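*Asks:* Input: one structure, supplied below.
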Amino acid sequence: MPEKAKYKRVILKLSGEALAGAGGFGIEPGIIRSITKQVKDVVNLGVEVAIVCGAGNIWRGKAGSEMGMDRAQADYMGMLATVLNALALQDCLEGIGVETRVQTSIEMRQVAEPYIRRRAIRHLEKGRVVIFAAGTGNPYFSTDTTAALRAAEIEADVILMAKNNVDGVYSADPKVDKTAKKYKEISYLRVLNEGLQVMDSTASSLSMDNDIPLIVFSLSEEGNIKRAVLGEDIGTIVKGR
């Protein structure tokens, strides 16, 4: 019996750190090959896939501002760093036969398309993977917020948040507190009220207001992206109020 996906259109949120692997900086070839292979498996199910990638493996705007740099300038640098990750993902995906488009919130037509909502949706309908880069195009907003915003704009069924260092949402940091409880399901309102570090509060509020579920799971186990799309019981699902 053929596998049937639970979701038709998804946003995959990757942290920059996920691409860096154990090295913590740059892009680990084995990691990016694993991610793109898993994305191909999902595309082969007939699922429409969009990706939002962070840039913590290259630059963090918050770290720049803590060094005394103007916050907006530091954030713009972070947005540009996400483009490097997006182009690397695109190259790796197309190397294994997955048609891909990169759309950026800051125009740079020599390397990518500008973000246009209707064009992005058309690419997805044609079976292309769309990678949204350069954040929202505005400082002070994280790539978590970008994922929530783009998910609302393209009417995605779910946001898949793939983590490289945790396998779900916990009541506390499991690395620090051994008694931390892992949630199978939790509401956005509880995440906000308890200050759980799932995604930033702007992204959580946006997802809650637009009724977009979020699945938080580990990227370390091969095949987890596909398992999440199939609706298997992995990680934590965040939804509702």
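Just so it is clear, none of the values below were taken in a lab; they were calculated from the coordinates. As the structure is a prediction and not an experimental result, all values here were calculated from the model. In this analysis, Cβ positions are derived from the backbone assuming ideal geometry, glycine residues included, and neighbour counts consider all displayed protein chains.
*Asks:* Enumerate lysine pairs in the stretch 121-193 that are 8 or more residues apart or on different chains, then count those whose Cα atoms are under 22 Å apart. Intermediate values should be presented prior to the final figure.
*Replies:* Numbers: K163/K175; K163/K178; K163/K181; K163/K182; K163/K184; K175/K184.
The number of close lysine pairs in the stretch 121-193 is 6.
*Asks:* Ranking request for peptides 15-22, 126-133: highest mean number of other beta-carbon atoms within 10 Å first, then the rest in descending order. Please report the intermediate quantities before stating the final value.
*Replies:* Values: 15-22: 20.0, 126-133: 22.2.
Highest-to-lowest ranking by the protection proxy: 126-133, 15-22.
*Asks:* Can you give the relative contact order of the chain as a percent, counting alpha carbon pairs under 8 Å and 6+ residues apart? Don't skip to the answer; put the middle values down first.
*Replies:* Values: 490 pairs, mean separation 54.1, N = 241.
So the answer I get is 22 percent.
*Asks:* For I186, what is the net charge nearby, where nearby means another residue's Cβ is under 13 Å from its Cβ and Lys, Arg count +1, Asp, Glu -1?
*Replies:* Numbers: positive: K181, K182, K184, R190, K239, R241; negative: E185, E194.
Net charge in that neighbourhood comes out at +4.
*Asks:* Modelled label-to-label distance, D91 and E125, 7 Å Cα→beta-carbon offset: nm?
*Replies:* Those two pseudo-labels are separated by 3.3 nm.
*Asks:* Something else: How big is the gap, in Å, between the Cα center of the stretch 1-71 and the Cα center of the stretch 131-169?
*Replies:* Distance between centres, Cα-based: 10 Å.
*Asks:* Grab the Cα-Cα distance for K181 and N138, subtract it from 0.36 nm times how many residues apart they are, and report the gain in nm with one decimal. Walk me through the numbers before you get to the answer.
*Replies:* Details: separation 43, 0.36 × 43 = 15.48 nm, distance 3.57 nm.
Computed gain between K181 and N138 is 11.9 nm.
*Asks:* Follow-up question, since we're still on this one. Evaluate the distance, in nm, between pseudo-label points positioned 7 Å from the Cα of N193 and of D209 along their respective Cα→Cβ axes.
*Replies:* 2.0
*Asks:* R0 = 30 Å: FRET efficiency of E3 with Q110, Cβ-based, nearest 0.05? It would help to have the intermediate numbers written out before the result.
*Replies:* Details: r = 39 Å, r/R0 = 1.31.
That gives a FRET efficiency of 0.15.
*Asks:* Using θ = phi - 60° and the Karplus curve 6.51 cos²θ - 1.76 cosθ + 1.60, what whole-Hz ³J(HN,Hα) does each residue of the stretch 56-65 get, with Gly and Pro shown as x?
*Replies:* Rounded to whole hertz, the list is x, 7, 10, 7, 10, x, 4, 5, x, 5.
*Asks:* I would also like to ask the following. Return S105, S207 ranked ascending by Cβ neighbour count within 10 Å, so the fewest neighbours appear first. Show your work: numbers first, answer last.
*Replies:* Details: S105 20, S207 27.
Listing S105, S207 from fewest to most nearby Cβ atoms yields S105, S207.
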